[in-house]
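The values are calculated or read from the model by the stated rules, or taken from the named source; none is laboratory data. Bear in mind the structure is a predicted one, so any value in this text is a computation, not a measurement. FYI the Cβ positions are ideal-geometry reconstructions off the backbone, even for glycines, and counts take in every protein chain you see. When the accessible area is computed, the model is the full protein with side chains, heavy atoms only, and any ligands, DNA or RNA have been set aside. Shrake-Rupley method; radii C 1.70, N 1.55, O 1.52, S 1.80 Å.
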Amino acid sequence: MSNPLFQNILPEDIPIMLKRLHAYTKSYQKEAYIRHAGDPADFIGIIESGSIHILQDDYYGNRNITASISEGSLFGEAFSCAGIPYLPVDDCNIMFLNGKKLLNTCDNGCEFHHTLIRNLLGIVAQNNMYLNQKIKYISRKTTREKLIAYLTDQAKMKGSNDFTISFNRQELADYLGVERSAMSAELGKLTKLGILQTQRSHFTLLKPLD
């Protein structure tokens with residue numbers, strides 16, 4: 001099983017480890033919810049296929065996408081403890097591990113359990129970097145500045161000026177914390193200026209964004 005959580009763990013140890021962590025897999029259809037506010041935060045999930053969005057809705061129903069998580073990634077290690085409420089999904093399969101059993105070493109003194117915890121700490125640190133990235137976007141003053149910061153980072157991450165993002169237009173607006181109409185207007189202006197081309201979730205940067 002290829003996942004950062006299982007790095008440096010012998011293949012023959014993985015079935016034993018999964019059994020001790022009470023692992024099970026569950027399938028979800030698009031627009032389903034994995035957990036709701038108030039549900040027990042007792043799991044760590046691994047996305048075996050598909051993707052999910054982590055959402056926060058405020059008292060007035062305004063929605064904010066905290067993160068988009070894709071196949072092979074881990075989730076639940078931090079946001080569940082923080083009380084983030086909803087996880088709408090694309091069609092996906094998710095393996096659930098018992099969080100308490102993962103975070104506390106067993107009486108058998110298994111070496112792979114110590115490796116698991118070390119791997120988990122590395123993943124938590126990486127996810128913290130992703131959250132800092134989002135803070136960078138939403139701290140920009142204008143919708144254009146937020147868009148430029150996000151699209152520039154996406155191009156760097158994909159290693160190309162031609163890329164597809166994991167959000168549709170409404171989801172991108174929710175992620176950046178802007179009105180969709182204002183964002184669409186800015187994208188239209190950037191297109192007319194010959195700075196970028198875009199169709200739905202696909203973007204091509206024609207000139208440096210600054």
Problem set entry | Failed item, numbered, when Leu147 is tested on (1) under 22 Å from Ser73 (Cβ atoms); (2) modelled with pLDDT of 90 or more | (1)
Exercise. List the pairs whose first member sits in the range 161-189 and is over 12 Å from His202 (Cβ atoms) and of a type in the set (Phe, Trp, Tyr), whose second member is open to solvent by less than 70 Å² (accessible area, probe 1.4 Å) and not in a strand (DSSP E or B), and whose Cβ atoms are under 7 Å apart, counting only residues at least 6 apart or on separate chains?
Worked result: Tyr175/Phe167
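Of all residues in the range 77-98 being modelled with pLDDT of 75 or more and open to solvent by less than 10 Å² (accessible area, probe 1.4 Å), which is farthest from Asp174 (Cα to Cα)? Even if it seems obvious, please write down each step before you answer.
Of all residues in the range 77-98, those modelled with pLDDT of 75 or more come to 92-98.
Next, only the ones that are open to solvent by less than 10 Å² (accessible area, probe 1.4 Å) stay: 92, 94, 96-97.
Details: Cys92: 22, Ile94: 24, Phe96: 27, Leu97: 30 Å.
Here the residue is Leu97.
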Seminar exercise, completed: When Tyr130 is run through (1) open to solvent by less than 80 Å² (accessible area, probe 1.4 Å); (2) in a helix (DSSP H, G or I); (3) within 18 Å of Ala67 (Cα to Cα), the failure sits at (1)
For this session: Restrict the check to the range 150-163 and report whether at least one residue is over 17 Å from Leu55 (Cα atoms), of a type in the set (Lys, Arg) and open to solvent by 30 Å² or more (accessible area, probe 1.4 Å).
Result: yes
Problem set entry | Those residues of the range 112-167 which are β-branched (Val, Ile, Thr) and under 30 Å from Leu21 (Cβ atoms), in sequence order | Thr115, Ile117, Ile123, Val124
For this session: Quick one: count up the residues across the range 168-209 that are modelled with pLDDT of 95 or more, surrounded by 18 or more Cβ atoms within 10 Å (Cβ to Cβ) and more than 17 Å from Glu145 (Cβ to Cβ).
Result: 0
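Only one residue in Ile47, Ile34, Ile54, Ile9 is surrounded by 19 or more Cβ atoms within 10 Å (Cβ to Cβ) and modelled with pLDDT under 80, so which one is that?
On the way: Ile47 fails: modelled with pLDDT under 80; Ile34 fails: modelled with pLDDT under 80; Ile9 fails: modelled with pLDDT under 80.
One residue alone meets the criteria, Ile54.
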